[in-house]
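Shown next, in structure tokens, is the structure this report addresses.
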Amino acid sequence: MPSRRHVLAAAPAAALLALAACSTGPSGGSAATSGTGASAAAAAYPVTVTHAHGSTTIAKPPTRIATIGWADADVVTALGITPVGAPKITWGGNAKGSTDWFDAQLTKIGATDGDVTRYDDSAGIPFDAIAATRPDLILGLSSGVSKEEYDKLSKIAPVVAYTKAPWGTPWQDQLATIGTALGKDAEAARLKADTEKTIADALAAHPEVKGKSAAWAWFSPTDLSTIGLYTTSDLRPQMLREFGFVDSPTVVDLSEADPSAFSVNLSAEKASTLDADLVVFYAEEGAGADAITGNALLGQIPALKSKQYVASADNAVALSMSLPSPLSVRTAVEKFLPKIVSALNGTPAS
């Protein structure tokens, strides 16, 4: 379902609708090794990676990598390779259909946004546009690519899909899998350690966060009779756990009732039962902080009553939490973590 992908990054209204030789220049990406390093990398092939739709064998170091998951291109560039194609970031992205952290990494490795074809996936996977980039590997770790779509893409080039749950591959697993596919296991391991240290260093200053419970919610402006809650398998709660939180017991119970769901509903009449020290939700027209806290039923959510909430209004910053990667984590740490800490201390943030 094309629109469901965007629910993982997009505003709650979209969620409601969904449920109804590394080339660092103009030539595109290639293996980021040279000389004897390139020989050693080539010798490691073929490699086989497993994923939700089976396994994929990559015969030789890929040189033209296209991505269908929004965060996959982050990982590729973080490993020093310029992808030939990536989806436009249409929610929380910048004017170029990209993100500031991705653009900064492109500059770091000597490339520009003009080296990456940005295709529009708002109507579904754009097979023709992807084929036009002439990829020799297609990555969809941060996607929900179906088996039918996977089979169709496989006629273009070898495809690596998500590991277990659609749109739910943890950034660590995504990094490790892509590292293997690109012949960069060691680099991926170092990047994982560096990224985890970035998080650990930031959390060291906020011991009050550890062990507190959290829920990430969404509200439809046209129907405030339900509370949308992202399940424990969704990337947003995953990132809250990275920041030291535990899942809200309410969310845990609802997630167990429907393990395949990325989002579940709680009746507004049961708002007072939403057990969480912190609630994060998207603020949009008709469902901003005042509309939600002032609602007779939703205002009974304990964390809202105690003013321990983040009414997230900065989509670019929120994107760093819903699509975590080694590149976006720094934005999450520097710009979203302070909102969480403020809210947990009783001062709502936006």
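The values are calculated or read from the model by the stated rules, or taken from the named source; none is laboratory data. In this text, all values refer to a predicted model and were calculated from it rather than measured experimentally. Positions of Cβ are generated from backbone atoms using ideal geometry, with glycine treated the same way; all protein chains shown enter the neighbour counts.
Yes/no per residue for (1) of a type in the set (Val, Ile, Thr); (2) within 23 Å of ASP234 (Cα to Cα):
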position	(1), (2)
ASP277	no, yes
VAL280	yes, yes
GLU285	no, no
ASP290	no, no
GLN300	no, no
ALA303	no, yes
SER320	no, yes
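The selection criterion, being in a loop (DSSP other than H, G, I, E, B), closer than 25 Å to ASP173 by Cα and small (Gly, Ala, Ser), does not hold for SER320. Of the residues that sit in region 211-233 and are over 25 Å from GLY299 (Cβ atoms) and modelled with pLDDT of 95 or more, which one is surrounded by the fewest Cβ atoms within 10 Å (Cβ to Cβ)? Selected residue: GLY211.
So, ALA189, is that one surrounded by fewer than 17 Cβ atoms within 10 Å (Cβ to Cβ), farther than 25 Å from GLY299 by Cβ, aliphatic (A, V, I, L, M) and touching a strand residue (DSSP E or B) at 6+ places or on another chain (Cβ under 8 Å) or not? No: the conditions fail for ALA189.
If you go through region 129-184 and keep only what is under 20 Å from SER328 (Cα atoms), assigned to a helix (DSSP H, G or I) and among the β-branched types (Val, Ile, Thr), you end up with THR177, ILE178.
Scanning region 79-89 for residues that are assigned to a loop (DSSP other than H, G, I, E, B) and under 18 Å from the mean Cα position of the chain (by Cα) gives LEU79, PRO83, LYS88, ILE89. Being of a type in the set (D, E, K, R), in contact with a helix residue (DSSP H, G or I) (Cβ under 6 Å, 6 or more places away or on another chain) and not in a loop (DSSP other than H, G, I, E, B) is a property that does not hold for LYS339.
One line per residue, one yes/no per condition, for (1) within 19 Å of the chain's Cα centre (by Cα); (2) surrounded by fewer than 21 Cβ atoms within 10 Å (Cβ to Cβ); (3) part of a helix (DSSP H, G or I):
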site	(1), (2), (3)
THR57	no, yes, no
PRO61	no, no, no
ALA73	yes, no, yes
TRP91	yes, yes, no
